[in-house]
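Since every read-out is calculated from the coordinates, none of them should be taken as a lab result. Just so we're clear, the structure is a prediction, and the values are computed from it rather than from any experiment. When we count neighbours, we look across all protein chains shown, and the Cβ atoms used for this are built from the backbone with ideal geometry, even at glycine.
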Amino acid sequence: MSKGGIMKKLVYIFLFFFSLYSESFIKSIEFPKSLLYLAEKDGFLLPNFADYPLLNEPGSPLLPNVPIYILLPNKAINYDIKILESDYEVINLDKKIYPAQLPKPISEKKEIPFIPINEKIYNSDIYPREIFKKLPLAIKSNFKIAPLIFYPLQYLPKENKLKFYKRITLEIICETNESEEFFLTPSQYQTFLPDIEYLIYNKEDIKGFSPKIKSIQNEIDYLIITTDALIPYFN
């Protein structure tokens with residue numbers, strides 16, 4: 001390869017890396033204790049947090065899963081999460097946590113056998129070990145979103161206690177690329193904004209993290225396909 005060709009390739013590589021950079025921001029996730037309540041079921045305790053789903057592998061402690069959606073900068077192409085600090089309370093229990101069971105199909109009339117506790121898990125120090133699960137970056141209506149599943153309750157099986165996280169402070173680190181920024185037309189933005197506001201946790205960041213607003217000449221809000229006979233009804 002000629003010297004000129006090598007230099008050209010190096011310039012392309014440099015430009016590629018120059019367009020990639022990272023930025024971060026900090027968010028605190030609150031879990032109000034007023035939303036936590038313990039119910040009794042078949043001689044066990046069943047922890048509930050608001051109306052969030054209780055999910056887990058059969059035989060393991062049935063605990064609430066809390067999905068949180070964090071809006072990311074629109075140039076983000078990937079993200080990572082670091083826990084900076086947490087505030088928690090340890091709750092003593094008088095019964096073990098109810099073990100998750102197999103789901104019963106609506107059409108199933110027979111009783112499904114009870115699945116006993118998983119002895120390995122119920123003799124461990126803590127479950128689950130992580131307090132959140134990071135899912136791949138998602139795109140909804142050209143907004144970039146970090147989907148996370150939090151476990152605000154950790155079970156301490158050996159001590160028969162619950163560790164309840166009241167607040168978790170996160171650093172969200174985003175890998176960004178200038179060329180990956182999306183845009184919306186003004187009418188698209190107004191149409192999609194209510195759904196995004198309802199979904200995300202960090203509503204205060206919408207203005208800074210939204211796609212670019214770009215007007216398009218002869219913009220069409222929606223298209224109706226119909227027959228000639230019905231055209232007058234849509235005018």
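Assorted remarks:
A quick yes/no check of all residues on (1) under 27 Å from residue 48 (Cβ atoms); (2) touching a residue at least 60 places away in the same chain (Cβ under 8 Å); (3) loosely packed, with under 13 Cβ neighbours inside 10 Å:
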{"site": "116", "(1), (2), (3)": "yes, no, yes"}
{"site": "178", "(1), (2), (3)": "no, yes, yes"}
{"site": "189", "(1), (2), (3)": "no, no, no"}
{"site": "215", "(1), (2), (3)": "no, no, yes"}
{"site": "224", "(1), (2), (3)": "no, no, yes"}
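- Test: residue 144 is outside any loop (DSSP other than H, G, I, E, B), surrounded by fewer than 21 Cβ atoms within 10 Å (Cβ to Cβ), of a type in the set (D, E, K, R) and within 21 Å of the chain's Cα centre (by Cα): no
- If you filter the stretch 155-168 down to residues that are under 19 Å from the mean Cα position of the chain (by Cα) and surrounded by 15 or more Cβ atoms within 10 Å (Cβ to Cβ), you find that the one that is nearest to residue 74 (Cα to Cα) is 168.
- Qualifying residue in the stretch 63-74 (condition: touching a residue at least 60 places away in the same chain (Cβ under 8 Å), part of a strand (DSSP E or B), of a type outside the set (D, E, K, R) and exposed (fewer than 15 other Cβ atoms within 10 Å of the Cβ)): yes
- Of all residues making up the stretch 181-218, the number that are part of a helix (DSSP H, G or I) and either under 20 Å from residue 70 (Cβ atoms) or not polar (S, T, N, Q) (or both): 17
- When 111, 40 are checked against the criterion of being in a loop (DSSP other than H, G, I, E, B), of a type in the set (Asp, Glu) and exposed (fewer than 12 other Cβ atoms within 10 Å of the Cβ), a single residue qualifies: 111.
- Residue match in the stretch 131-139 (condition: of a type in the set (A, V, I, L, M, F, W, C) and under 18 Å from residue 47 (Cα atoms)): yes
- Cβ pairs under 7 Å, 6+ apart, first in the stretch 119-143 and in contact (Cβ under 8 Å) with a residue 40 or more places away in the chain, second among the basic types (Lys, Arg): 122/96; 137/144
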